[in-house]
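Written below as structure tokens is the structure these notes are about.
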Amino acid sequence: MIIGFIFILFDKIFLEKNIIKNTEINNSICTGLYISIFYFTSISLGSLFFLSIQNVSKSGWSVIIHPIMEKIASFIPYGCFMIFIILLLNAMNFIHIFHWMDYYLYDDTYGKYDKIIVNKKFFLNIPFFLMRSIIYTLGCSFFYLKIKKISSILNKTHSLNDYKKLYFISVIFIIFFSIISIFMAWDWIMSLNPHWISTLFGWYVLSSYIVTGISTITIISIYLNKKGFFPLFRNSHLHDLSKYLFSSSLLWTYIWFSQFLLYWYGNIPEEIIYFLKREEMYNSIHLWMLIPNFIIPFFGLINSKNKYDPKIVFTISLILLIGHYIDIYNLIAPDIYNNGLKFGISEIGSFLLIGSFFSYILFINFNKNKKELNHYTGNPFFKESKKYKYPHI
């Protein structure tokens with residue numbers, strides 16, 4: 001965390017020496033922070049969403065991994081709150097990441113009057129925008145805390161009624177998140193460039209949540225098992241996690257390709273500007289990131305034997321996390337400045353700073369409830385999960 005502060009401070013001093021406007025310095029630093037906060041928040045959201053899917057599907061194999069998923073989701077209140085602070089700073093005119101908030105775009109007496117943004121004022125106006133963001137922040141935090149509380153009670157009572165409550169709240173969260181995740185993607189990312197539209201964008205970002213969430217669950221499970229803190233986690237559980245990792249990366253690729261193909265075929269200016277801009281700024285990064293996000297996971301996990309090899313799965317999970325950071329960077333950075341945002345010291349410092357805070361929150365939660373990792377006995381499927389064995393291993 002300290003190293004992250006040093007990197008950001010060094011970048012600010014460097015920019016000031018190069019006589020860059022103070023507003024641009026703040027924008028550069030806040031953009032790096034925004035990308036990192038959104039990235040780590042998406043990991044937590046993906047983990048909670050995956051946990052809810054397991055609860056609703058009444059999946060037996062995954063019960064022993066539920067505590068891992070809950071702990072990863074513990075960053076949600078902090079991440080969403082930090083995102084909201086950045087949005088608030090933008091609304092108060094301290095920074096200018098979301099350009100549609102600039103007042104002169106709505107005044108036709110100025111030379112920068114933007115008719116397209118004005119036509120979207122019903123949806124993109126600061127009070128309504130902040131109100132929606134509050135709903136995202138409070139809603140996701142509420143469901144995380146509620147699921148965590150019911151799980152804790154269930155672990156003590158072993159009551160079927162409490163399990164039904166957990167099932168019900170998970171169903172409601174899946175419905176809630178499936179809807180708000182679309183609006184969240186529109187507001188927190190797509191509105192950075194109000195001239196661009198995509199009907200698939202919300203699902204694209206949701207698939208990224210799932211991939212990063214499962215990747216982090218896998219990495220932490222393998223690490224804790226290797227250190228001896230998670231003996232119930234065996235190759236059979238790893239094999240099933242790997243199948244989810246494989247299928248979720250395919251889902252992300254499918255949506256990526258669907259969006260790309262429709263844009264290429266339609267050739268509509270307000271759509272293809274998304275890819276043309278990134279091709280010019282970052283040398284077709286949207287194509288290169290298929291290597292860590294699709295090609296490596298596909299060929300690495302298509303063999304069933306590889307799915308229960310901890311070293312291979314750990315490496316591929318780590319590659320996927322790196323690949324999806326590149327993806328989120330690619331979604332956000334090009335739309336902040338006309339000439340793009342170059343990856344540098346500020347972005348590295350922001351990643352280290354927020355990553356350290358994310359790790360600290362997880363460490364505190366793991367340290368508080370060490371016993372839960374191997375004694376999640378309240379769930380009626382615990383014994384099934386404990387004895388679970390994949391037939392071909």
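Just one of the listed residues (Ile296, Ile302, Ile312) is at pLDDT 95 or above and either over 22 Å from the mean Cα position of the chain (by Cα) or among the acidic types (Asp, Glu) (or both), and it is Ile312.
Residue pairs whose Cβ atoms lie under 6 Å apart, sitting 6 or more positions apart in sequence or on different chains, and linking a residue in the range 239-253 that is closer than 19 Å to Pro391 by Cα to a partner that is of a type in the set (S, T, N, Q) and surrounded by 21 or more Cβ atoms within 10 Å (Cβ to Cβ), are Leu241/Thr218.
The single condition among (1) farther than 30 Å from Lys387 by Cα; (2) surrounded by 14 or more Cβ atoms within 10 Å (Cβ to Cβ); (3) basic (Lys, Arg) that Lys112 does not satisfy is (2). In the range 184-197, is there at least one residue being within 20 Å of the chain's Cα centre (by Cα) and of a type in the set (Phe, Trp, Tyr)? Yes, the conditions are met somewhere in the range 184-197.
Only one entry of Tyr163, Tyr144, Tyr204, Tyr209 meets the criterion of being out of contact with any Leu (no Cβ under 7 Å at 6 or more places or on another chain), crowded, with 16+ Cβ neighbours inside 10 Å and aromatic (Phe, Trp, Tyr), and that entry is Tyr204. Contact map, the range 159-188: residues that are free of Cβ contacts under 8 Å to residues at least 24 places away in the same chain paired with residues that are surrounded by 13 or more Cβ atoms within 10 Å (Cβ to Cβ), Cβ distance under 6 Å, separation 6+ or inter-chain. Pairs shown: Lys165/Ile150; Ala185/Phe201; Ala185/Gly202; Ala185/Val205.
Quick grid of which residues meet (1) of a type in the set (Gly, Ala, Ser); (2) buried (at least 20 other Cβ atoms within 10 Å of the Cβ); (3) not in a helix (DSSP H, G or I):
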site	(1), (2), (3)
Ser215	yes, yes, no
Tyr223	no, no, no
Ser236	yes, no, no
Lys243	no, no, no
Trp252	no, yes, no
Leu261	no, no, no
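Beta carbons closer than 7 Å, at least 6 apart along the sequence or on distinct chains, pair a first residue in the range 375-393 that is of a type outside the set (Gly, Ala, Ser) with a second that is modelled with pLDDT under 85 for Phe382/Tyr376.
Step by step: first the residues of the range 289-315, then only those that are among the hydrophobic types (A, V, I, L, M, F, W, C) and under 16 Å from Tyr325 (Cα atoms), then the one that is surrounded by the fewest Cβ atoms within 10 Å (Cβ to Cβ). Which residue is that? If we take residues in the range 289-315 being among the hydrophobic types (A, V, I, L, M, F, W, C) and under 16 Å from Tyr325 (Cα atoms), then Ile291 is surrounded by the fewest Cβ atoms within 10 Å (Cβ to Cβ).
Residue count for the range 292-312 satisfying the condition of being under 28 Å from Phe343 (Cα atoms) and of a type in the set (A, V, I, L, M): 2.
Answer yes or no as to whether Ile64 is assigned to a helix (DSSP H, G or I) and under 17 Å from Thr137 (Cα atoms). No.
Residues in the range 184-206: is at least one of a type in the set (S, T, N, Q) and under 23 Å from Ile53 (Cβ atoms)? Taking every residue of the range 184-206 in turn, none turns out to be of a type in the set (S, T, N, Q) and under 23 Å from Ile53 (Cβ atoms). Among the numbered conditions (1) at pLDDT 90 or above; (2) more than 28 Å from Ile332 (Cβ to Cβ); (3) surrounded by fewer than 23 Cβ atoms within 10 Å (Cβ to Cβ), the only one that Phe84 does not meet is (2). Taking the criterion of being farther than 20 Å from Cys80 by Cα, among the β-branched types (Val, Ile, Thr) and free of Cβ contacts under 8 Å to residues at least 60 places away in the same chain, the residues of the range 110-150 that qualify are Val118, Ile150. For Ile97, the test of being among the β-branched types (Val, Ile, Thr) and under 20 Å from the mean Cα position of the chain (by Cα) is passed. The listed residues are Ser52, Ser74, Ser59, and the only one of them that is of a type in the set (Ser, Thr, Tyr), touching a residue at least 60 places away in the same chain (Cβ under 8 Å) and part of a loop (DSSP other than H, G, I, E, B) turns out to be Ser59. If you scan the range 351-380, which residues turn out to be modelled with pLDDT under 90 and buried (at least 19 other Cβ atoms within 10 Å of the Cβ)? Correct list: Phe366, Glu372, Leu373, Tyr376, Gly378, Asn379. Cβ-Cβ distances below 8 Å connect the following pairs, each with a first residue in the range 189-209 that is touching a residue at least 12 places away in the same chain (Cβ under 8 Å) and part of a loop (DSSP other than H, G, I, E, B), a second residue that is surrounded by fewer than 19 Cβ atoms within 10 Å (Cβ to Cβ) and small (Gly, Ala, Ser), and a separation of six or more residues or different chains: Leu200/Ser258.
The values are calculated or read from the model by the stated rules, or taken from the named source; none is laboratory data. As the structure is a computational prediction, the values presented were derived from the model and not from experiment. All Cβ positions, even for glycine, are placed from backbone atoms using ideal geometry, and neighbour counts span all protein chains on display.
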